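Trainee: Take a look at this one; I'll ask things after.
FYI, it's all coordinate maths here, none of it is from the lab. Every value quoted in this text rests on a predicted model; they were computed, and no experiment measured them. All Cβ positions, even for glycine, are placed from backbone atoms using ideal geometry, and neighbour counts span all protein chains on display.
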Amino acid sequence: MNYKIVLHRTDEGISVSVPALPGCWSEGDTEEEALANIQDAIREYLAALEDRFRDAEVREVEV
């Protein structure tokens, strides 16, 4: 899957957020590190969602 991310550059490094996944963010000293870290954060975020909705009825809709 592909997600749009937003990079926030500061003197201290780069933080990255994922607008489609509220609360999903990470950071790194370099862009390369920040991108690798956000990939891990997205995987962990999706795994947590899967656990949270394990016993719920989940459906997909096309928009």
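Trainee: Could you list the trypsin sites (Lys or Arg not before Pro) in the chain that lie in coil according to DSSP, counting only those with at most 11 other Cβ atoms within 10 Å of their Cβ? Walk me through the numbers on the way to the answer.
Mentor: Details: sites: LYS4, ARG9, ARG43, ARG52, ARG54, ARG59; in loops: LYS4, ARG54, ARG59.
Passing both the DSSP loop test and the Cβ count: LYS4, ARG54, ARG59.
Trainee: Find, among the chymotrypsin sites (Phe, Trp or Tyr not before Pro) in the chain, those assigned to loop by DSSP (not H, G, I, E, B) with at most 11 other beta-carbon atoms within 10 angstrom. It would help to have the intermediate numbers written out before the result.
Mentor: On the way: sites: TYR3, TRP25, TYR45, PHE53; in loops: TYR3, PHE53.
Passing sites in the chain are PHE53.
Trainee: Just one of (i) 1.53; (ii) 2.27; (iii) 1.31 is Cα Rg over 2.2 N^0.38 Å calculated from these coordinates, so which is it?
Mentor: Computed from the coordinates, Cα Rg over 2.2 N^0.38 Å corresponds to (iii).
Trainee: Now for a separate question. For the chain, the longest stretch holding no GluC sites (Glu not before Pro) located in a DSSP loop with at most 13 other Cβ atoms within 10 Å is which? Mind showing how you got there, number by number?
Mentor: Working: sites that count: GLU12, GLU57, GLU60, GLU62.
Between the exposed loop sites, the longest stretch runs 13-56.
Trainee: Here is a follow-up. What list of ³J(HN,Hα) values in whole Hz, one per residue of segment 20-37 in order, does the Karplus curve 6.51 cos²θ - 1.76 cosθ + 1.60 (θ = phi - 60°) give from phi, with Gly and Pro shown as x?
Mentor: Karplus-based 3J(HN,Hα) across segment 20-37 equals 6, 10, x, x, 8, 8, 7, 7, x, 6, 10, 4, 4, 5, 4, 5, 5, 5 Hz.
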